[in-house]
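Dumping the structure here so I can ask a few things about it.
The values are calculated or read from the model by the stated rules, or taken from the named source; none is laboratory data. Fair warning: this is a prediction, and the values are worked out from it, not measured in the lab. So basically every Cβ, Gly included, is an ideal-geometry build from the backbone, and we count neighbours across all protein chains shown. Surface accessibility is based on the protein's heavy atoms, side chains included, excluding ligands, DNA and RNA. Shrake-Rupley method; radii C 1.70, N 1.55, O 1.52, S 1.80 Å.
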Amino acid sequence: VFTFISFFTMLSSFGIYTIAIRELSKKPEDASIILGDVMVFTGAFSVFSGLLCIVISYIFGYEADILLGIKIAAIGMAISFFTAPQVIFNAKLKMEHTVVGNVIRDILLLTFALYLSRMNAGFLAYIWSSLVASMGTALYTQIVGYRLVIPKFVLDINRYEKLFKASLPLGLSGIALYIYNYVDTIMLSKMTTMAMVGYYGVAYKFVFLGQLIPNAILITLFPIFAKLNQSDKPKAQRYFQYGFDSVLLIAVFLAACGILFSRNVILLLFSPEYLPSGIPLTIFCVNFLFMFPNMLFSRYLISAGRQTEVFVFMVLSAGFNIAVNFWAIPRYGVIGAALTTAMSDIIFCALSIRALYVKEKTIMSLTQGIKMILTAAALTLLGSLLQLHWGMELFLLSMLYLFGTYLIRAFDYSSLKLLLQNI
């Protein structure tokens, strides 16, 4: 039920939140009107997405209990627009309110899950508990959000049209991104065995975990980019450089850990039967070197009003991913799917760098980044080939960080302190 409805949940916002954060960062005096517009749009999209979800579930011919579960979950999606004040939290860097809302939801879910498991309740009870947890988050968001900004509903067709046109490429990019993230699993399920799907799923779990830290940085940077791109372009470029250096350091560290310890992690968290997940996990970890910068590139382009380019790049990389998977998966299974994903990220990275250099000639020092990647590759390859003791491997990782931070000579650590305070 939750997997099926996740696609429609993405449609319920359709990029409006990101555009609203950008506009709030540029025009904080219009916060009441912008929040009102966001609630109108997301309310309409949420209700439409909920109804569309139910209609398509009937077309797919699911069993009665699955259909009922989808209907219950669709209610939660239809009321998701009550969390619209989160755009205010992001734009004003009041992220503690978003965190508290998420903690409230998780505590309610955990409490219900423990109780329902003791009662041996069916899966529909869990879906009801998810709905209640979502309502708790929405209620908290509304109470705190209204203390910061009271929405003002002003009917203006021209403003609505402008907001929709700005968010449309992002909404379409979200669809392309969803396809990009899940098409490998779907194609593996049709072309190979469910065991292969399981191996791939285990490896891909670490991709979502790995994105947590760069996401924390980029959530903070996005409203800063949006504001500075209008008022102080050189300063926006400096913040971009700080973000690039930060996500690259994180990516290199995780790539090194993936090469050295992927087998150990799988044995620790799963079992020897899941060791075939080791190679795709290593590929995904190395792919962080492209995936994390891509996350930064996308947000910077959106903050500069270039979301259409992000959509085009996403469509091209997703199209490449799907096309090549038809050849790679039957021949190489999960390894082919992982390599195809990595190549797609490389394509997105190359297109983004070209787009940034067209208008932002001095936006980042790629030479230093490349040096750092090569240093990381040399050290981790040495540790992998020699099968060193784990203590020596940790020593190599420490040397990697020393060399990496030395090679990035332009890195401004006083600015990093400011960035960490914002996060």
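Per residue, how much accessible surface does the stretch 88-176 expose to a 1.4 Å probe? Answer in Å², no decimals.
59 Å²
Could you bin all the Cα-Cα distances of the stretch 288-328 into 10 Å bins starting at 0 and give me the percent of pairs in each, rounded to whole numbers?
With a bin width of 10 Å, the distribution comes to 27, 44, 24, 4.
For the pairs K165/K235; K26/K71; K71/K162; K94/K233; K71/K92; K26/K205, flag any whose C-alpha to C-alpha distance is greater than 31 Å.
Violating the 31 Å Cα-Cα cut-off are K26/K71; K71/K162; K71/K92; K26/K205.
Here's another thing I want to ask about it. Pairwise over distinct Cα atoms, reciprocal of the mean inverse distance: report the Kirkwood radius of the stretch 230-349 in Å, one decimal place.
Its Kirkwood hydrodynamic radius stands at 16.0 Å.
Mind grabbing the base-10 log of I(q)/I(0) for the stretch 128-183 at q = 0.24, 0.30 Å⁻¹? Debye formula, identical points on the C-alpha positions, no solvent, two decimal places.
After summing over all Cα pairs, the log10 values are -0.87, -0.96.
When the accessible area of the stretch 6-107 is split by element with a 1.4 Å probe, what percent falls to carbon and sulfur?
That share works out to 70 percent.
Okay, next question. Quote the FRET efficiency, to the nearest 0.05, computed for K205 versus N102 with a Förster distance R0 of 25 Å and r equal to the Cβ-Cβ distance. Display every interim value, and only then the final one.
Details: r = 19 Å, r/R0 = 0.77.
Using R0 = 25 Å, I get an efficiency of 0.85.
Starting from the Kirkwood Rh over alpha-carbon pairs, what translational D in µm² s⁻¹ does the stretch 161-277 have by Stokes-Einstein at 25 °C and 0.890 mPa s?
140 µm²/s
Can you give the alpha-carbon Rg of the stretch 37-122 over 2.2 N^0.38 Å, where N counts its residues? Before the final figure, lay out the partial values.
Working: Rg = 16.4 Å, N = 86, 2.2 N^0.38 = 12.0 Å.
Taking N as the residue count of the stretch 37-122, the ratio is 1.37.
Using +1 at the C-beta of Lys and Arg and -1 at the C-beta of Asp and Glu, which of T220, S189, S173 has the Cα lying farthest in the positive direction of the dipole of the stretch 156-268?
Checked the options; the winner is T220.
Keeping the other protein chains in place, figure out the carbon and sulfur percent of the accessible area of the stretch 228-365, with a 1.4 Å probe.
68 percent
Now, a different point. What number comes out for accessible area per residue over the stretch 32-80 if the probe is 1.4 Å? Units Å², please.
Per-residue value: 44 Å².
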